[in-house]
Amino acid sequence: MTIPYSSSPSPFSPAAVTEVVAPPSGAAKPRLTFLGTGYLGATYAICFAELGYEVLGVDVDADKIAKLSAGEVPFHEPGLDLLLRQNLAAGRLRFGTSYEQAADFGDVHFICVGTPQQNDGMSADLTYVERAVTSLAGALTRKALIVGKSTVPAGTASWVQQLVGKHAAPELEVEVAWNPEFLQEGHAVEDVLRPNRLVFAYESPWAGGILYAAHKGVFDLAATEEREVPVVSCNFATAELVKMAANSFLATKISFINAMSEVCEVTGADVTLLARAIGYDPRIGQRYLQAGIGFGGGCLPKDIRAFQARVQELGAGESVRFLHEVDLINQRRRTRVLKLATQLLDRPFGPAGPDLSGTRIAVLGATFKPNTDDVRDAPSLAVTTLLHKAGADVHVYDPQGMDNARTVLPDVTYEPTLDAAVAGADLVCVLTEWGEFRNADPTGLGQLAAGKIVIDGRNCLDPALWIAAGWEYHGMGRS
Ligand SMILES: NC(=O)c1ccc[n+]([C@@H]2O[C@H](COP(=O)([O-])OP(=O)(O)OC[C@H]3O[C@@H](n4cnc5c(N)ncnc54)[C@H](O)[C@@H]3O)[C@@H](O)[C@H]2O)c1
């Protein structure tokens, strides 16, 4: 039986493909390695061990590997700690720093290293991908499949094939596939075990067969729950673009509603009601229509920039020029809180910017979204930096992100509790929509604060409740 290669969506038939490919290691099912054990790779390594695979996670960061080996997830992701400990104990899951060990162990190697924005431009930095691929390819001693999961610009998969061609012995016939990733931090365990779709790009029946076998656990779990996991089989370029297109769409939706919130502010409209009203149209939908201080994190901002840079290189720059505007709207949101704070605290806005010296501001939230400790390109920290630079005495509290925030922004005060951050504050800014802030008691907090003024940078509080407790409430784009 052969697996058809097609560039259009194809249904998956697990029964048909599992008998096709015997893993080169001789194991009953493919042994998997995840190269790079950050937010993506560690979550995958742990969840795929949970699905019954033998897994090795590999990273160049020995501290991270030591923590994972000791049963400690080095970042906050709900539900992951327990799965890590259970699968270490079951003997299915190991971690290491050796590419020789990875090559010896694995049949399918997933590239999960970072692809950050380059320091001197908008393009993706592919150095980590290159190092991971060349280290692995040079260590391989038998046939294997190398699968790209990192988010990359168009053309990367073919370039990885060339790297493999240079560094792996040709008689091993090592192959490359691409399988872009859509997990959301804070919801990652569920997203990995129960993905809403899988995108597979491969160039031979063998590669397709072993890639399907490496995901059989996902399909089997879906079958026991009477679900289906749609699979889109496509060529390399499509797989690379799917991820960039998905993130561009989400970023555009967020910047759209944030642009509407700016219009709401000058017209006296309320963007939350506007979003609700347009979102009832199923063609638009309610999700990703929360106006606020914009998107951040380790993916959306760098991905829309890398996408623009790559498409420009390929000669179709005008097709994605709107993403520049999406980025500008998003950046503008970060200064909105600073301007509002200056106005509400009745402070001067001079030629060098606002002067907030002598004021104390509580910042609630440091992570780019709730249920993670990830502070990469977090709008909350960008706003905190602006408030601090303007001279305010800023006191930050976040349920999970304080350690990471401290390393990025050491110069502000971090408080151990929500109450401690709010105590004595002239102004409270809610910048990440953690449940702890949404459910906070405004009456109790009002007794701690020096000034009962709140900026709800995420439109996540109940204004009626806060106003009833005596607070002056200011949301984003709300009259
Ligand atoms: N975090 C997410 O929610 C998410 C979702 C979808 C896609 N992605 C994509 O996945 C990729 C990884 O993202 P992340 O958030 O996990 O990044 P991360 O920075 O948390 O993790 C990257 C890991 O790779 C390791 N690494 C670097 N060079 C290595 C090498 N040569 N060999 C082995 N390990 C090496 C680093 O030490 C680090 O632990 C990126 O391309 C990102 O865009 C991330």
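Can you compute the helix-only [θ] at 222 nm over the chain? Use -39500 (n - 2.57) per DSSP H run of at least 4 residues, normalise by all residues, nearest 500 deg cm²/dmol.
Working: 20 runs with 209 residues, N = 479.
Result for the chain: -13000 deg cm²/dmol, rounded to the nearest 500.
Shown for the chain: the carbon plus sulfur share of the solvent-accessible area, taken with all protein chains present and a 1.4 angstrom probe, equals 53%. Computed from phi, the 3J(HN,Hα) profile of segment 265-276 under the Karplus parametrisation 6.51, -1.76, 1.60 (θ = phi - 60°) reads 5, 8, 10, x, 8, 10, 5, 5, 6, 4, 5, 4 Hz, with x in place of Gly and Pro. Amide H contacts under 5 Å for GLY148: ILE111, ALA177, TRP178, ASN179, restricted to partners 5 or more places along the chain or on a different chain, H placed in the peptide plane at 1.01 Å from N. Put simply, the amide H of TYR414, placed in the peptide plane, has neighbours under 5 Å in VAL396, leaving out anything fewer than 5 places away on its chain. Stretching the chain fully between ALA352 and ALA139 yields a gain of 71.1 nm (0.36 nm per residue, less the alpha carbon separation).
Find the centroid of the Cα atoms in segment 193-223 and in segment 287-332, then give the distance between the two in whole Å. Distance between centres, Cα-based: 30 Å.
Within the chain, antiparallel bridges make up roughly 10 percent of the DSSP beta bridges whose residues both belong there.
Remind me, relative contact order of segment 48-158 in percent, using alpha carbon pairs under 8 angstrom and six or more residues apart?
Details: 131 pairs, mean separation 28.0, N = 111.
Relative contact order comes out at 25 percent.
Determine the relative contact order of the chain: mean sequence separation of Cα pairs under 8 Å and six or more apart, normalised by residue count, in whole percent.
Details: 989 pairs, mean separation 62.9, N = 479.
Computed value for the chain: 13 percent relative contact order.
Just the number please: accessible area per residue for segment 292-433, 1.4 Å probe, all protein chains included, in Å². Mind showing how you got there, number by number?
Values: 5540 Å² over 142 residues.
With the other protein chains kept in place, segment 292-433 gives 39 Å² per residue.
Annotation: LYS369 carries an accessible surface of approximately 50 Å², with a 1.4 Å probe and no ligand, DNA or RNA atoms counted.
Under 5 Å from the amide H of PHE200 lie the amide H atoms of VAL232, SER233, CYS234, each residue being 5 or more positions distant or on a separate chain, with H modelled from the backbone and absent for Pro and chain starts.
Please state the relative contact order of segment 274-392 as a whole percent: Cα pairs under 8 Å, 6+ residues apart?
Working: 123 pairs, mean separation 31.9, N = 119.
Relative contact order here is 27 percent.
Please report, in whole Å³, the volume per residue of the convex hull around the C-alpha atoms of segment 279-325.
Values: hull volume 4.8 nm³, N = 47.
Taking only Cα atoms, segment 279-325 has a hull volume of 102 Å³ per residue.
Indicate the gyration tensor shape class of segment 67-151 (rounded, prolate or oblate), computed on the Cα atoms with a ≥ b ≥ c the square roots of the eigenvalues: a/c under 1.5 is rounded; otherwise a/b larger than b/c is prolate and the rest oblate. The shape class here is oblate.
The accessible area of HIS324, taken with all protein chains in place and a 1.4 Å probe, comes to roughly 100 Å². Computed from backbone phi, the HN-Hα couplings of segment 217-233 come to x, 5, 5, 5, 4, 4, 5, 5, 9, 6, 10, 10, 10, x, 10, 10, 8 Hz, rounded to whole numbers (Karplus: 6.51 cos²θ - 1.76 cosθ + 1.60, θ = phi - 60°; Gly and Pro given as x). Of all beta bridges that DSSP places with both ends in segment 102-185, some 10 percent have antiparallel geometry.
Our coupling estimate for segment 450-464, obtained by passing each phi through the Karplus curve with A = 6.51, B = -1.76, C = 1.60 and θ = phi - 60°, is 7, x, 8, 10, 10, 9, 9, x, 10, 6, 10, 8, 8, x, 4 Hz, Gly and Pro reported as x.
Ordering ARG142, ARG321 by how much accessible area each has at a 1.4 Å probe, largest first, what is the list? If you can, show how the numbers build up before the last one.
On the way: ARG142 55, ARG321 145 Å².
Reading off the accessible areas and sorting them downward yields ARG321, ARG142.
The values are calculated or read from the model by the stated rules, or taken from the named source; none is laboratory data. This is a predicted model, so every value here is computed, not measured. Just the protein is used for accessible areas: all its heavy atoms, side chains included, with ligands, DNA and RNA removed. Shrake-Rupley method; radii C 1.70, N 1.55, O 1.52, S 1.80 Å.
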